[in-house]
Ligand SMILES: Nc1ncnc2c1ncn2[C@@H]1O[C@H](COP(=O)(O)OP(=O)(O)OP(=O)(O)O)[C@@H](O)[C@H]1O
Ligand SMILES: [Mg+2]
């Protein structure tokens, strides 16, 4: 999968840019706060319809303007060119496929795939459980529109249920039948989500184990564990997970009504990373945590290749400066020739150019992008 051209209008600090040609390896070079990460964010938005930095669409629109526009043309591995567009308004986004407005944002999701590497990836290991759930959800959503759909249903129903539990607690209403209906709806979507998360983690571990072992010169065995209130026996199918979750809701019913909030459910799921038998989040060194996050990201590439039969576009946000030489070399060598890569950096010296030659260098200065030869 390749990005061929990109145009931005009133997006972040870009007033108007139009780039007609990219290479396989593209380096976005520039000082701090010039728009390098914004550029990657625009590509990411075309892939997922969501930013990796913010949930507030209004932040994406250049200050003083009403809407932002992102347009990109892509070639998928075995298909002709496709044009994706995203119009961002203060109160919502509209997706375009080959210039045609799409009824749903989800019609955009998964048309192209990207994998982003950024310094924040460390949070997958050491951040909050919410960060890890978000990571899992983004990854799964990019692979499966059904997952995204079930997640939306779950989140909406959970909100309804919590509102209703509060009313019951405060004695304003008491319709157990209505609560049962909500629980059934929740456990149906929740069962699917739990099953999908479990499948994904099994797959992720399969790849990450091998990659991590190589990355650490065969010193570290990585395990990834799904922490869910649903027992692993019940995670074998969406239906069994559904049943188990419904049983949990029923068991908790009285407490939930008393406290006025949902206690059971997949909104508490988490992941745990183990190296040679020890929990990385609690006992791992900074370098070990970084290695785990790199292994996970490299595994994502493999999973996308397998599931979507496409190579994803890689977005590397300023990560080389934080890696030692061994890990840099490992990373660069793992990227196959056919992958298209966008790398941001403040200094070309941070990069091992011998390996990633010949790059296209794009100089980013205050929301302007200029093509530049390597030595120029
Ligand atoms: N909505 C917006 N309107 C105008 N400017 C914005 C908007 N959002 C962000 N910016 C500007 O974009 C710049 C930051 O861009 P970006 O995060 O891409 O920087 P960067 O080149 O990646 O820098 P660094 O090397 O520090 O990571 C800041 O100057 C910020 O003020
Ligand atoms: Mg940046």
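Where a number appears in this text, it was derived from the coordinates with a stated rule and is not lab data. Since we're looking at a predicted model, the values are computed, not measured. Cβ: placed from backbone, ideal geometry, glycine included. Neighbour counts: every protein chain shown.
Odds and ends about this structure:
- Simple spin-label estimate for residue 363 and residue 4 in nanometres, 7 Å along Cα-Cβ: 2.9
- Each peptide in 265-271, 163-169 was scored by the mean count of other Cβ atoms within 10 Å over its residues; highest first, the order is 265-271, 163-169.
- Principal-axis tilt of helix 286-308 within the chain, Cα atoms, nearest 10 degrees: 90
- Prolate/oblate/rounded label for region 44-134 (Cα gyration tensor, a/c 1.5): oblate
- With Cα atoms, 0 to 90° folded angle of helix 36-48 axis to the chain main axis: 50
- For residue 122 and residue 282, the difference between the fully extended length at 0.36 nm per residue and the C-alpha to C-alpha distance is 56.3 nm.
- Cα gyration tensor shape for region 1-94, rounded if a/c is under 1.5, else prolate or oblate: oblate
- Region 252-274 residues near the modelled residue 160 label - backbone nitrogen below 16 Å, point 7 Å along Cα→Cβ: 262
- Simple spin-label estimate for residue 236 and residue 322 in nanometres, 7 Å along Cα-Cβ: 4.1
- For region 237-376, the share of DSSP beta bridges that are antiparallel, to the nearest 5, is 65%.
- In nm, spacing of pseudo-spin labels at residue 210 and residue 348 (7 Å Cα→C-beta vector): 3.7
- For region 205-294: rounded, prolate or oblate by the Cα gyration tensor [a/c cutoff 1.5]: prolate
- Residue of 301, 19, 112 that the Gaussian network model of the chain assigns the largest fluctuation, springs spanning Cα pairs under 10 Å: 19
- Helix 325-334 vs. the chain, principal-axis angle (Cα, 0 to 90°, nearest 10): 80
- Relative contact order, percent, region 1-85 [alpha-carbon distance under 8 Å, six or more residues apart]: 40
- Relative to the 2.2 N^0.38 Å rule of thumb, region 117-294 has a C-alpha radius of gyration ratio of 1.16.
- Relative contact order %, region 117-294, counting alpha carbon pairs below 8 Å whose residues are six or more apart: 31
- For the listed peptides 5-16, 170-181, a ranking on the average number of other beta carbons within 10 Å per residue, highest first, reads 5-16, 170-181.
- Of 85, 49, 23, the one that fluctuates the most in a GNM where the chain has Cα springs shorter than 10 Å: 23
- Across the chain, Cα pairs under 8 Å and at least six residues apart give a relative contact order of 25 percent.
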